Amino acid sequence: MKVRVALLAVAWLAAVLSSASMARAATMMADGTYQYTLNQNGASTGTSALTIKRSGSVIAIHEDETIADPSFGTVQASADQTLAITTLSPLSFVAAYTSAGKTQDVRLALGGMTGSFIHNGERLTVPVRLLPGTQAMAIQDQALVMSFIVVPALAEVASASAFTIAVPTAARTFIMHVDPAPPVKPANVQASDVGFAIASPVAFAVWLDPKTGLVDEIDVPAQSLVISLTKHT
C-alpha cells in the first residue's frame, strides 16, 4: 500500500537514534495510553493512539492510527508489536492497513534475530536477519509512532551505533546509523527533554524525558513533519 508523505518510503521509516554526545535515556515509556497528532507544514494530517502494557517478560504495544492522505483518502492502521522486556528486541509484529475499502495484512515472524515477512498470509522469501555492522534490530512500518518510541531505550540497552531496521510493508531491511552530533532543540520542546538523532538514511530527531522515556515530539525536517504528544494516561 502506497501512502503519501513517504509513509511507505524508507526515508519516512528511518527512526530516531541516541546522540552519542548527549545523555541517553535507557527507560522505555511506562505502561499507559498515549495520544499523538501528526502535522505536516503546520496542518494536521493524522492522529495516533498507543497502548503500552508489560506482562511477564514481554512489552506489548498496540497502536491505532488514522491519516488523511489527499491522494488515497483516509488510511487506517491497526498494529501490534511485542518486545523482550530486558533487551527490547522485537518478538512479533502484526498490522492491518485499510484504504479505499481494501485491507493489507502484514506480519513479521521472528525467532531470535532472524525471521520472515508475511503479506496477506503469504510467507515471502526475503531474509530477515541482523545485518553486518549493526548491534540490534528494530521494526518500523508506515507512519506508525511505535516505529520511533522504542529506539532511544534500545540504543542504550544494546550500546548501538547502527541498527538493522525491518520494514514489514516494504518487505526489506536496511541499516540505520546514529548521528554523533546533538540535534537542535525546537523552541516548543520542553527544556528538560533530551534529543536523539539519526544521520542516515534521512535525518530525524526525537525529544523525550530522560527520566521516564516519555516521547514528547518527533521531528522529520525533510518532510516538514512533526509528531506531538497530546495526552497520556
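Looking at (1) touching a residue at least 40 places away in the same chain (Cβ under 8 Å); (2) more than 22 Å from VAL128 (Cβ to Cβ), can you tell me which one ALA95 breaks?
Every listed condition holds for ALA95 apart from (2).
Out of everything in the stretch 203-233 that is without any contact (Cβ under 8 Å) to a residue 60 or more places away in the chain and assigned to a strand (DSSP E or B), what residue ends up being nearest to PRO182 (Cα to Cα)?
TRP207
With (1) within 23 Å of ALA84 (Cα to Cα); (2) out of contact with any helix residue (DSSP H, G or I) (no Cβ under 6 Å at 6 or more places or on another chain) as the list, and PHE196 as the residue in question, which single condition is left unmet?
Single failed check for PHE196: (2).
Only one of LYS211, LYS231 is under 14 Å from ALA153 (Cα atoms) and charged (D, E, K, R). Can you tell me which?
LYS211
Looking at MET29 and the list (1) under 30 Å from ALA181 (Cα atoms); (2) over 16 Å from the mean Cα position of the chain (by Cα); (3) at pLDDT 85 or above, which single condition is not satisfied?
(2)
Out of all the residues in the stretch 160-200, which are over 15 Å from THR114 (Cα atoms), of a type in the set (Ser, Thr, Tyr) and buried (at least 18 other Cβ atoms within 10 Å of the Cβ)?
Listed by number, the list holds a single entry, THR169.
Only residues that are under 17 Å from the mean Cα position of the chain (by Cα) and part of a loop (DSSP other than H, G, I, E, B): list them for the stretch 104-120, please.
none
A quick yes/no check of all residues on (1) touching a strand residue (DSSP E or B) at 6+ places or on another chain (Cβ under 9 Å); (2) within 17 Å of MET146 (Cα to Cα); (3) surrounded by 18 or more Cβ atoms within 10 Å (Cβ to Cβ):
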residue: MET29; (1), (2), (3): yes, yes, yes
residue: GLN40; (1), (2), (3): yes, no, no
residue: THR66; (1), (2), (3): yes, yes, no
residue: ALA77; (1), (2), (3): yes, yes, yes
residue: TYR97; (1), (2), (3): yes, yes, yes
residue: ALA109; (1), (2), (3): yes, no, no
residue: HIS119; (1), (2), (3): yes, no, no
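Restricting to the stretch 66-81, what's the tally of residues that are touching a residue at least 24 places away in the same chain (Cβ under 8 Å) and within 13 Å of the chain's Cα centre (by Cα)?
Total meeting the criteria: 2.
The values are calculated or read from the model by the stated rules, or taken from the named source; none is laboratory data. No experiment lies behind these values; they were computed from the predicted model shown. Neighbour counts are summed over all protein chains in view; Cβ atoms, including those assigned to glycine, are modelled from backbone coordinates with ideal geometry.
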